[in-house]
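Enquirer: Mind having a look at this structure? Questions to follow.
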Amino acid sequence: MKNFLTKQYTKDKKFSIRHNYLSEQFKDYPAIFNKIKKVVKFNDFTLGFEVERFENNFKKLINAKYCIGVGSGTDAIYMSLKCLGLSNNDEVITTPYTFYATINAIAQAGCKPVYVDAKDDFNINPDLIEKKITKKTKAILVVHWAGRICEMEKIKKIAKKHKLYLIEDACHAALATKNGIYAGNFGDIGCFSLHPLKNLNVWGDGGMIVTKNKNIEKKLKLLRNHGLINRNEIKIFGINSRLDTVQAVVANHLLGKLKHITKKRRYNAFLLDEGLKNNENIKIPTRKEKLVEVFHLYCLRANKRDKLIKFLNSKGIDAKKHYPIPMHLQTPSKEIGNYKRGDFPFAEKLCDETVSLPVHEFVTKKQIQYIIKNINYFYSKKINS
């Protein structure tokens, strides 16, 4: 199978307003290289000082008690499930409207994903969760889609009532808050990603796990490093999923900019909301008080979505589908259930209608106005017929 990513990155470069902002994000790369030189000088490559410094910095930033740096956001979810002792087809309730990594991690941990439909905020519908709980259910894994926190008050009550673990896929949601509480701090464990296109990003893969439970922290630190307690002994069977020291250097370099990044993304999202709110062909999620979204993605629902995307692309705007096929209709889901179209109608509706627009901190006000102008023009003309 060919690597399609290189071709995709080349394709993305043709747009004047892109989702990919890495060239701008890391213009100051010489400063990062200078910091990496210190790692090389001291041979501090594996779980080095920069990893510990990042763990401390990140947990302070989001008011978490413990933070464990790992190899990726996917590993963070997988290791969380393993750490909690889940396997052997234990059921994990989650949403079919998510990136593949969420479900991959559940399956690789030996568990069975049990889907619950989404709702109009793009997140799991808490009112449908209890119907899916069985004797085999061991956990609820929520996804804070695009950086918007789920209805955690309801979900926490359900988890407590049924004695289920509650895990947060917060890979989109660094610095998101609800009622003053940061994403990752609502459940037993919170999982984050440092993928290059996340709000807090590095030069490869990386992830973090946060928890308030000391025993979970201890086990995760063993699990990420082969189970080693010293050079010659292991306490448990572990894996190799350490946050790379070089990536920790990049993460530490960017961490101080995350509040600015979040503020600018929120401002751009506000401009898009205001510019599109009167367009009857567009459905924007309701913005709620005491809910701070961080807009890893800016998603809205649009009539004639595919034609709109094609038109915006022709105007140099990198509009995308995140994502066109829900997880229950992906091929591997045939192994866990006889799913068909119509089983999760709202998730399917989101996949059919959602448009994702560039909203990152390097998109200018003028470019946002250009996006708004072209969307409104599309719906005002016969070109959309």
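Enquirer: Output yes when any residue across region 294-306 is touching a strand residue (DSSP E or B) at 6+ places or on another chain (Cβ under 7 Å) and among the β-branched types (Val, Ile, Thr), and no when none is.
Expert: Checked against the condition, which is being touching a strand residue (DSSP E or B) at 6+ places or on another chain (Cβ under 7 Å) and among the β-branched types (Val, Ile, Thr), region 294-306 yields no hits at all.
Enquirer: Could you list all residues from region 344-366 that are part of a helix (DSSP H, G or I) and buried (at least 17 other Cβ atoms within 10 Å of the Cβ)?
Expert: Phe346, Ala347, Glu348, Leu350, Cys351, Glu353
Enquirer: Looking at Lys2, Lys11, Lys27, Lys82, which is the one that is in contact (Cβ under 8 Å) with a residue 12 or more places away in the chain and either of a type in the set (D, E, K, R) or assigned by TED's automatic domain parsing to the domain that holds Arg301 (or both)?
Expert: The unique qualifying residue is Lys82.
Enquirer: Let me ask something else about it. Being in the same structural domain as Lys14 (by TED's automatic domain parsing), acidic (Asp, Glu) and more than 27 Å from Asn201 (Cα to Cα), is that true of even one residue in region 341-349?
Expert: yes
Enquirer: Between residues in region 300-328 that are in the same structural domain as Ile106 (by TED's automatic domain parsing) and residues that are outside any helix (DSSP H, G or I) and aromatic (Phe, Trp, Tyr), which pairs lie under 9 Å by C-beta distance while being six or more apart or on different chains?
Expert: Nothing qualifies.
Enquirer: When the residues of region 195-221 are narrowed to those that are charged (D, E, K, R) and in contact with a Cys (Cβ under 9 Å, 6 or more places away or on another chain), which ends up farthest from Glu24 (Cα to Cα)?
Expert: This residue is Lys219.
Enquirer: Same structure, new question: Can you name the number of the only condition in (1) under 28 Å from Ala107 (Cα atoms); (2) over 22 Å from the mean Cα position of the chain (by Cα); (3) small (Gly, Ala, Ser) that Ala31 fails?
Expert: (1)
Enquirer: Of these, Phe270, Phe295, Phe237, which one is in the same structural domain as His19 (by TED's automatic domain parsing), at pLDDT 95 or above and more than 18 Å from the chain's Cα centre (by Cα)?
Expert: Phe270
Enquirer: Mind telling me which of the residues Asn278, Asn313 ends up being more than 20 Å from the chain's Cα centre (by Cα) and part of a loop (DSSP other than H, G, I, E, B)?
Expert: Asn278
Enquirer: Let me ask something else about it. Does region 129-145 contain at least one residue that is within 20 Å of the chain's Cα centre (by Cα) and surrounded by fewer than 22 Cβ atoms within 10 Å (Cβ to Cβ)?
Expert: No, every residue in region 129-145 fails to be within 20 Å of the chain's Cα centre (by Cα) and surrounded by fewer than 22 Cβ atoms within 10 Å (Cβ to Cβ).
Enquirer: When you scan region 190-215, how many residues do you find that are crowded, with 22+ Cβ neighbours inside 10 Å and farther than 15 Å from Ser72 by Cα?
Expert: Counting residues in region 190-215 that are crowded, with 22+ Cβ neighbours inside 10 Å and farther than 15 Å from Ser72 by Cα gives 1.
The values are calculated or read from the model by the stated rules, or taken from the named source; none is laboratory data. Keep in mind the model is a prediction, meaning the values are calculated, not measured. Note: ideal-geometry Cβ built from the backbone for every residue, glycine included; neighbour counts use all protein chains shown.
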